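This report concerns only the one structure given below.
What follows is calculated from the coordinates using simple rules that are stated; it is not laboratory data. Please read these numbers as outputs of a predicted model, since none were measured by experiment. Cβ atoms come from the backbone with ideal geometry, glycine included; neighbour counts cover every protein chain shown.
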Amino acid sequence: MARIGIFDSGVGGLTVQRAIIDRLPALDTVYLGDKARLPYGTKSPEVVTQYSLRAAAFLAEQDIDLLVVACNTASSVALPALRRAHAIPVLGVVEPGARAAARASRSGRIGVIGTQATVESGSYQAALRGLRPEVEVTARACPLFVPLAEEGWTDPEDEVVRLVARRYLAGLQAASVDTVVLGCTHYPLLSGAIAGALPGVALVDSAAAIAAEVAERLGSAPGAPGTHRFYFTDVPGRFLHVAERFLGLPIATAEQVDI
Ligand code: DGL
């Protein structure tokens, strides 16, 4: 079976890796989380591109057949540079997420939430308009969702989580969106709170959408369960515990690397 590389700015991309493993259990994966440089979402496109090129170069050395850019911020700003630098297919999460949202929306009023850099790049807005020119897109950066998810504050009944979600998402509700793209690796963990603030709205998780795209590219041949290797550019204190929460599976070992 093929081996794929997956990279993200930290642990968030493990939600994407999990979706891919669920869909293609025989696949071998190599994950790189650039924890030392997190967050990408508040940095300039030039710096995110530079970091992404380093992460991709590390994974390319691991003999991978395909590279998945799990980070929405890197997918939004660095894909052209990554594709120029590597001969293997490089897939980002924006196109698959936008396609799923364009399909899901009946009214054509679609919300996009992500990091500051993702929203400012206009990547989802452009992808959605390319697919359905008539759509009205309302995009909102929700920076506090990232530390909330890392802290494990994701319970939709938690007062703080509810208030933050309501404050960020009020504009999307006012715009009467019927579909919202979770355009950040961390947001699937907060889907309960996001759904609570936007009743009746369909949430599109780009992790599931990219997993479907990888399956389409590689085919889902059965086989023995694949092996999974984890590398991080920093592995502080209780970090692996947080990583396991994002992956939803135990992580036996994770190696610290300098890239
Ligand atoms: N992985 C980032 C993303 O999906 C979120 C965390 C960060 O800002 O680095 O955009």
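Miscellaneous remarks
- Based on alpha-carbon atoms, the Kirkwood radius and the radius of gyration of the chain give Rg/Rh equal to 0.95.
- Helix 94-104 and the longest principal axis of the Cα set of the chain meet at an angle near 40°.
- Using C-alpha pairs under 8 Å with a sequence gap of at least 6, the mean separation divided by the residue count of segment 155-212 gives a relative contact order of 43 percent.
- Principal-axis analysis of the Cα atoms of the chain puts helix 206-218 at an angle of about 40° to the longest axis.
- Normalised per residue, the volume of the convex hull around the Cα set of segment 167-246 (Å³): 162
- Modelled spin labels at A26 and D258, positioned 7 Å past Cα toward Cβ, are 4.1 nm from each other.
- DSSP bridge pairs, segment 104-259: antiparallel proportion in percent, nearest 5: 0
- Amide H to amide H, with H built 1.01 Å from N, R229 comes under 5 Å of T29, V30, Y31, counting only residues 5 or more places away or on other chains.
- Over the chain, relative contact order from alpha-carbon pairs under 8 Å, at least 6 apart, %: 27
- Linear extension gain, A104 paired with D63, 0.36 nm per residue minus alpha-carbon span: 11.1 nm
- From the Kirkwood radius over Cα pairs of segment 25-149, Stokes-Einstein at 37 °C and 0.692 mPa s returns a whole-number translational diffusion coefficient of 212 µm²/s.
- Counting only alpha carbon atoms, the long axis of helix 159-174 and the longest principal axis of the chain meet at about 70°.
- Only alpha carbons enter this Debye calculation for segment 93-150, each as an equal point scatterer, and the log10 of I(q)/I(0) it gives at q = 0.15, 0.22, 0.23 Å⁻¹ is -0.42, -0.82, -0.87.
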